[in-house]
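Below is one structure; the comments refer to it alone.
The values are calculated or read from the model by the stated rules, or taken from the named source; none is laboratory data. This structure is a prediction, so every number in the text was calculated from the model and none was measured. Quick reminder, even Gly has a Cβ in these numbers, built from the backbone with ideal geometry, and neighbours come from all protein chains shown.
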Amino acid sequence: SEGSTLGMTISNNLLQTDQNGDSGIDMTWRGGTTGSITSNTFQGDDGSNVGVSLNSMSTTQNLNLSISQNQFTFAGGNDAAVRLQAAGTSQLNFSQNQVDLHGANSQGFVLDLMTTNTAFSGNAINGYHDVTHGILFNTISAPSQVSFNGNAMSFASVNTLIHEGITFGTVNNVTATEKISLSGSQNNTITGASNNFIAPAGSTTGQFLLNNVFGP
């Protein structure tokens, strides 16, 4: 229910998706959530597979989630390691995950968020086919904080099509003083991407270290 808070720990599992469109973890919750998804192995070969699909529907309660030390391997195409939606505020931590995307049109982490404090540290995302996104914020609301430290993304093309490293799509509620605050002092590397970083003009402030240069 809207008033309930879910405590969740999912660890040390092998989660295989055997059919097109399946998810290893598929959860929708209307209350608050606090939890961790740690040291699991996600595998899928049939296409349109998702490792973790989570929809936090509460507009009044917080999503506090750590996703760390997981292995995601997908080969069918149109896959995603993590697809996460939050209708309320969120605190998210993605750390030390290994993502290998062998099919086309696939994504590492896909997020639709409101105001958030989200950290990415020590993740490795590899795209081996065309049109891959590493980290994609479909939507996010200002003011938010997002940090990147020690992540590595590598992309290879079969037909030399577009890859994107870090993308902010729609950024809501931007004002002169409220934006997406970026940070990160440990170098992040992106190789093979058509665009390393994309965000709407005027939507961000701050800098993080990308390919040994502070930006954007």
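This table checks each residue for (1) of a type in the set (Ser, Thr, Tyr); (2) surrounded by fewer than 17 Cβ atoms within 10 Å (Cβ to Cβ).
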{"residue": "Ser181", "(1), (2)": "yes, yes"}
{"residue": "Gly184", "(1), (2)": "no, no"}
{"residue": "Thr191", "(1), (2)": "yes, yes"}
{"residue": "Asn196", "(1), (2)": "no, no"}
{"residue": "Thr204", "(1), (2)": "yes, no"}
{"residue": "Leu209", "(1), (2)": "no, no"}
(request) Could you pull out the residue among Asn105, Asn126, Asn97 that is surrounded by 23 or more Cβ atoms within 10 Å (Cβ to Cβ) and either farther than 19 Å from Asn55 by Cα or at pLDDT below 95 (or both)? (result) Asn97
(message) Would you confirm whether or not the range 109-117 contains a residue that is under 29 Å from Thr60 (Cα atoms), crowded, with 17+ Cβ neighbours inside 10 Å and either modelled with pLDDT under 95 or among the small types (Gly, Ala, Ser) (or both)?
(response) no
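Residue by residue, here is whether (1) among the aliphatic types (A, V, I, L, M); (2) under 26 Å from His102 (Cα atoms) holds:
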position	(1), (2)
Thr5	no, no
Ile25	yes, yes
Thr38	no, yes
Thr41	no, yes
Asp46	no, yes
Asn49	no, yes
Ser53	no, yes
(message) Can you pull out every residue in the range 40-63 that is hydrophobic (A, V, I, L, M, F, W, C) and more than 18 Å from Thr28 (Cα to Cα)?
(response) Phe42
(message) I'm told Val131 meets every condition in (1) among the aliphatic types (A, V, I, L, M); (2) out of contact with any Lys or Arg (no Cβ under 8 Å at 6 or more places or on another chain); (3) under 28 Å from Lys179 (Cβ atoms); (4) surrounded by fewer than 23 Cβ atoms within 10 Å (Cβ to Cβ) except one. Can you identify the failing condition by its number?
(response) (3)
(message) Anything in the range 172-211 that is modelled with pLDDT under 95 and hydrophobic (A, V, I, L, M, F, W, C)? List them, or say none.
(response) Ala193
(message) Looking only at the range 53-76, filter to residues that are within 21 Å of Thr115 (Cα to Cα) and among the aliphatic types (A, V, I, L, M); which one of those is nearest to the chain's Cα centre (by Cα)?
(response) Ile67
(request) Scan Gln61, Gln85 and give me the residue that is in contact with an Asp or Glu (Cβ under 7 Å, 6 or more places away or on another chain) and either more than 16 Å from Ala104 (Cα to Cα) or part of a loop (DSSP other than H, G, I, E, B) (or both). (result) Gln85
(message) Take the conditions within 14 Å of Arg83 (Cα to Cα) and either touching a residue at least 12 places away in the same chain (Cβ under 8 Å) or not charged (D, E, K, R) (or both) and apply them to Gly31. Does it pass?
(response) no
